[in-house]
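Comments concern the structure below.
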Amino acid sequence: GIFKAEEQLFIGIKFKLKNGWKTYWKNPGDAGEALNVQWKKDSKKINLPVYFPFPEKFFDKGITTIGYDGEVIFPVRIYEHQDGIKQLTLNYLICKDICIPVSEEKKININLNNLVESDEFLKNYITVPKGDNNHFKFNYSQKTENKIILDINIAGNIENLKIFGFSQETDLKINQNSNSSFEVLFDEDLRILSQPVLFSISDGKNFEEI
């Protein structure tokens, strides 16, 4: 079915993982690979926008990864002119003691008259960090060639504050220094960045991307 949220149209890719298995956020951490969704258009494969619900951090055998266990639905955005039967290609990685790369072909009928209401879809969609809603504010208290310190100001309880970062140009890791202070480490000099890093933040109720 087709889902509608905030005047946009989506399909949902649902993962139901067995105990101990995980799949990954757009920045997977030390290992892993994020879900990629494509479909064919005029013999070319086109990447579809995948929306990633707010993830969890996992630490196992010295390796930190960022992603999901149990059940998760990834909203994948479609557009009104993209109706009809489409062939999807899904590429992703699932890991437990070993990692298994998966490439699947799926056919789906995009019928814009078949809009479905789903509490399960919306439960995942609302945890996708959206644009700046002014729930959180940053102070950059320290900056070196490969590190910045973020101090986050938020009203209310900050015990559940979590932050993850994503950049298309450099890998990065985030260490939590205190309830509201985070250290962001880049694998390259900060000056190589031509696009800003996106930080996804949550206090358990609000999910925001800055």
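The values are calculated or read from the model by the stated rules, or taken from the named source; none is laboratory data. Small disclaimer: the values here were computed from a predicted structure and weren't measured. Don't worry about glycine lacking a Cβ; one is built from the backbone with ideal geometry, like all the others, and counts go over all protein chains shown. SASA here: full protein model, heavy atoms, side chains in, ligands and nucleic acids out. Shrake-Rupley method; radii C 1.70, N 1.55, O 1.52, S 1.80 Å.
Annotations
- Whether a residue is modelled with pLDDT under 90, farther than 20 Å from residue 66 by Cα and in a strand (DSSP E or B) was assessed, and residue 133 does not pass this test.
- Selection within the range 153-175 - surrounded by 12 or more Cβ atoms within 10 Å (Cβ to Cβ) and over 20 Å from the mean Cα position of the chain (by Cα): 154, 158
- Every residue from the range 1-27 that is open to solvent by 40 Å² or more (accessible area, probe 1.4 Å), of a type outside the set (Lys, Arg) and farther than 27 Å from residue 82 by Cα: 19, 21
- Hits in the range 28-49 - residues which are part of a strand (DSSP E or B) and either open to solvent by less than 30 Å² (accessible area, probe 1.4 Å) or touching a residue at least 40 places away in the same chain (Cβ under 8 Å) (or both): 28, 29, 34, 36, 37, 38, 39, 40, 45
- Annotation note: Cβ proximity below 6 Å between a residue of the range 175-194 that is among the hydroxyl-bearing types (Ser, Thr, Tyr) and a residue that is open to solvent by less than 80 Å² (accessible area, probe 1.4 Å) and modelled with pLDDT under 90 (sequence gap 6+ or interchain) occurs for 180/158.
- Matching entry among 122, 150, 90 (being open to solvent by 40 Å² or more (accessible area, probe 1.4 Å) and under 21 Å from the mean Cα position of the chain (by Cα)): 122
- Tally of residues being outside any strand (DSSP E or B) and either within 14 Å of residue 200 (Cα to Cα) or basic (Lys, Arg) (or both) across the range 161-179: 2
- Output for the range 93-107, where each listed residue is open to solvent by 80 Å² or more (accessible area, probe 1.4 Å) and either among the aromatic types (Phe, Trp, Tyr) or farther than 17 Å from residue 13 by Cα (or both): 96, 97, 98
- Residue 138 vs. criteria over 19 Å from the mean Cα position of the chain (by Cα) and aromatic (Phe, Trp, Tyr): yes
- Close Cβ contacts (under 7 Å, 6 or more residues apart or on different chains) running from residues in the range 110-129 that are under 26 Å from residue 84 (Cβ atoms) to residues that are of a type in the set (Asp, Glu) and part of a loop (DSSP other than H, G, I, E, B) comprise 110/83; 111/83; 112/83.
- For the condition open to solvent by less than 50 Å² (accessible area, probe 1.4 Å), in a loop (DSSP other than H, G, I, E, B) and under 21 Å from residue 167 (Cβ atoms), residue 54 qualifies.
- Residue match in the range 108-116 (condition: of a type in the set (Val, Ile, Thr), outside any strand (DSSP E or B) and open to solvent by less than 30 Å² (accessible area, probe 1.4 Å)): no
- Exactly one residue out of 108, 85 is of a type in the set (A, V, I, L, M, F, W, C), touching a strand residue (DSSP E or B) at 6+ places or on another chain (Cβ under 9 Å) and more than 18 Å from residue 35 (Cα to Cα): that is 85.
- Scanning the range 58-71 turns up no residue that is modelled with pLDDT of 90 or more, open to solvent by 20 Å² or more (accessible area, probe 1.4 Å), under 12 Å from residue 164 (Cβ atoms) and of a type in the set (D, E, K, R).
- Residue tally, condition in a strand (DSSP E or B) and either modelled with pLDDT of 90 or more or in contact with a strand residue (DSSP E or B) (Cβ under 7 Å, 6 or more places away or on another chain) (or both), over the range 136-160: 13
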